[in-house]
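Written out below as structure tokens is the structure these notes cover.
The values are calculated or read from the model by the stated rules, or taken from the named source; none is laboratory data. Owing to the predicted nature of the structure, the values given are computational and were not obtained by experimental measurement. With ideal geometry, Cβ positions are generated from the backbone for all residues, glycine too; neighbour counts draw on all protein chains shown.
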Amino acid sequence: MIRSQIVGCGAYLPKRIITNDEMTRIVDTTDEWIVARTGIRQRHIAADGEFTSDLAIEAAERTLASAGVEANEIDLIVLATATPDNTFPATAVKVQARLGITRGAAFDVQAVCSGFVYALAVADNFIRCGQVGTALVIGAETFSRILDWKDRSTCVLFGDGAGAVLLRAVETDVPNGARCVLSTHLHSDGRQHDLLFVDGGPSSTQTVGQLRMSGRDVFRHAVGLLSGAVDEALAANGLSADDIDWLVPHQANKRIIDAMARKLKVSTDKMICTIDRHANTSAASIPLALAEAAGDGRIRPGQLVVIEGMGGGFTWASAAIRW
Ligand code: ACO
């Protein structure tokens, strides 16, 4: 059977850092409040004129370099974003052009903070059914552009960034033993739309709009949905929480990550946590964390990595990966 192996990963963060102390000059907040409620200490913010596609292309080039693969070998680009450069064409197509690729397919996936897992699932399924051999999966966001910088309850939470993984088709007859994406699990429930959404769009207001969130309600749903998705990924592969080497959660809030670790009975030593430095970068947060932990040698070949995310919609999703 054909499966997808992760053969490279990479990430990019804009140079400009805004610390919590700087946030106190923008809204009525304190470093203590932000750290205690979220674990966030700073966030990276894209420069004027620096777009989601610019962050994505940097992450893509680093990913290709880490894999030792040429851009012209890519058959498919799936880019997860809720902050595309333009309403259309897809940001993925801009990345494709800047990589010098003129064949294959490139498109965006929109599932907000679950977007990277959704994009991974799409690419994995293209590979499993034999339609493509090499797929680039990117999560890239400039959430700073859709924040209401007067709303202290949301603007302190988010940052900009991009991360990516490169998938290659491998032939294997040991589905749960081989180094590959073992399974992906996607969910959505549109009834929760009003708890987390952007109040604009081309069809509704003809404006970009700004992020609106009922943070306490999102928090209330998050731990159960996310831990359920992790349990689902483990059960699908005949594994238990003890088998997890690394849990790489979407980085929304340190308290959500810690509560999930307690519920799943996974040691916090096994959680990859970047929220303190990156804040919530939506679809970019998981590949940013993967690139950091694979790059510094924490995630090693053969280890079991479980990723999970939840975002507006609601959407929520998980994947089990034998790295
Ligand atoms: N600084 C200081 N005080 C603040 C700030 C701030 N930045 N923001 C809110 N407060 C105040 C509120 O006004 C409120 O004051 P009041 O009691 O006088 O009314 C008080 O702090 C408590 O506010 P809550 O909203 O109840 O605070 P809570 O403990 O719930 O923390 C938070 C808020 C951090 C947003 C939390 O609810 C959370 O993280 N929720 C989950 C959000 C999340 O994960 N979002 C991402 C989902 S993924 C996606 O798709 C984008």
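General remarks:
- Members of region 191-227 found to be in contact (Cβ under 8 Å) with a residue 24 or more places away in the chain and away from the ligand (no atom under 15 Å from the Cβ), listed by number: Pro202, Val208
- Residue in region 312-320 that is more than 16 Å from Ile256 (Cα to Cα) and away from the ligand (no atom under 16 Å from the Cβ) present: yes
- For region 274-323, the set of residues classified as aliphatic (A, V, I, L, M) and assigned to a strand (DSSP E or B) consists of Leu304, Val305, Val306, Ile307, Met310, Ala317, Ala319, Ala320, Ile321, listed by residue number.
Rundown of residues vs (1) touching a residue at least 60 places away in the same chain (Cβ under 8 Å); (2) farther than 25 Å from Ile257 by Cβ; (3) away from the ligand (no atom under 14 Å from the Cβ), yes/no style:
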site	(1), (2), (3)
Gly8	yes, yes, yes
Arg25	no, yes, no
Thr38	yes, no, no
Ile45	yes, no, yes
Asp48	no, yes, yes
Glu70	no, yes, yes
Thr81	yes, no, no
Arg103	no, yes, yes
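- Test: residue in region 169-191 that is assigned to a helix (DSSP H, G or I), over 22 Å from the mean Cα position of the chain (by Cα), at negative phi and not hydroxyl-bearing (Ser, Thr, Tyr): yes
Condition check ((1) polar (S, T, N, Q); (2) surrounded by 19 or more Cβ atoms within 10 Å (Cβ to Cβ); (3) touching an Asp or Glu at 6+ places or on another chain (Cβ under 6 Å)) across all residues:
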{"site": "Val208", "(1), (2), (3)": "no, no, no"}
{"site": "Leu211", "(1), (2), (3)": "no, yes, no"}
{"site": "Ala222", "(1), (2), (3)": "no, yes, no"}
{"site": "Val230", "(1), (2), (3)": "no, yes, yes"}
{"site": "Ala233", "(1), (2), (3)": "no, yes, no"}
{"site": "Gly238", "(1), (2), (3)": "no, no, no"}
{"site": "Lys254", "(1), (2), (3)": "no, yes, no"}
{"site": "Val266", "(1), (2), (3)": "no, yes, no"}
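- Filter pass, Ala123 being outside any loop (DSSP other than H, G, I, E, B) and either within 16 Å of the ligand (Cβ to nearest atom) or hydroxyl-bearing (Ser, Thr, Tyr) (or both): no
- Gly161 being in a strand (DSSP E or B) and either in the same structural domain as Asp75 (by TED's automatic domain parsing) or surrounded by 17 or more Cβ atoms within 10 Å (Cβ to Cβ) (or both): yes
- Residues of region 52-74 that are surrounded by fewer than 19 Cβ atoms within 10 Å (Cβ to Cβ) and not in a helix (DSSP H, G or I): Gly68, Val69, Glu70.
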